1. Tell me which residues, restricted to the stretch 63-89, are farther than 18 Å from Arg106 by Cβ, part of a loop (DSSP other than H, G, I, E, B) and under 24 Å from the mean Cα position of the chain (by Cα).
2. Pairs only if they're at least six apart or on different chains, beta carbon under 7 angstrom, first in the stretch 92-118 and within 16 Å of Leu70 (Cβ to Cβ) and charged (D, E, K, R), second at pLDDT 90 or above and assigned to a helix (DSSP H, G or I); list them, first residue then second.
3. Report whether or not Val22 is touching a Phe, Trp or Tyr at 6+ places or on another chain (Cβ under 6 Å) and assigned to a helix (DSSP H, G or I).
4. How many residues are more than 32 Å from the chain's Cα centre (by Cα) and either under 30 Å from Gly78 (Cα atoms) or assigned to a strand (DSSP E or B) (or both) when one looks only at the stretch 26-55?
5. Which residues, counting only those in the stretch 90-103, are touching a helix residue (DSSP H, G or I) at 6+ places or on another chain (Cβ under 8 Å) and in a strand (DSSP E or B)?
Amino acid sequence: MIPGQPGTKKWLEKYGDALICVRYRDDHQSQRRLKTIELVVESAPLKINKNTIPMNKIMCLRIGYHEKYLQNIVKGAGGRWNKQKQAWELAYKEIRLLGLENRIIRKMANNRNIKSRSPP
């Protein structure tokens with residue numbers, strides 16, 4: 001129940017804006033009705049990291065030519081080989097799910113800096 005509904009008024013008077021909700025639970029084993037309340041005990045502004053990578057951002061990955069198994073996993077997750085960049089591309093969300101953050105190529109300024117070449 002949200003504050004203001006019947007059964008919450010006395011708790012709303014007591015706790016005011018700190019009251020989030022009132023719940024009733026029936027404990028059939030002890031044959032009792034339990035009433036619980038949820039309160040706000042602290043409020044602070046969110047610290048939003050502006051450097052957070054969007055989950056849908058396409059990132060370049062370093063995967064060696066000999067790592068066929070890993071190439072197939074990346075392909076299965078929707079990754080594609082970018083011949084021009086000589087790197088695998090995959091959405092950041094999938095990279096995180098696969099645990100491949102350590103393979104992200106941070107700077108793609110010069111393709112000659114990439115040592116691992118992987119054909120599709």
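1. If the condition is that a residue be farther than 18 Å from Arg106 by Cβ, part of a loop (DSSP other than H, G, I, E, B) and under 24 Å from the mean Cα position of the chain (by Cα), then Ala77, Gly78 are the ones that fit.
2. From the stretch 92-118, the pairs are Glu101/Ile95.
3. Working: touching a Phe, Trp or Tyr at 6+ places or on another chain (Cβ under 6 Å): yes; assigned to a helix (DSSP H, G or I): no.
Against the criterion (touching a Phe, Trp or Tyr at 6+ places or on another chain (Cβ under 6 Å) and assigned to a helix (DSSP H, G or I)), Val22 does not qualify.
4. Total meeting the criteria: 6.
5. Result: Leu90, single match.
The values are calculated or read from the model by the stated rules, or taken from the named source; none is laboratory data. This one's a predicted model, so the numbers in the text were calculated from it and none came from an experiment. Quick reminder, even Gly has a Cβ in these numbers, built from the backbone with ideal geometry, and neighbours come from all protein chains shown.
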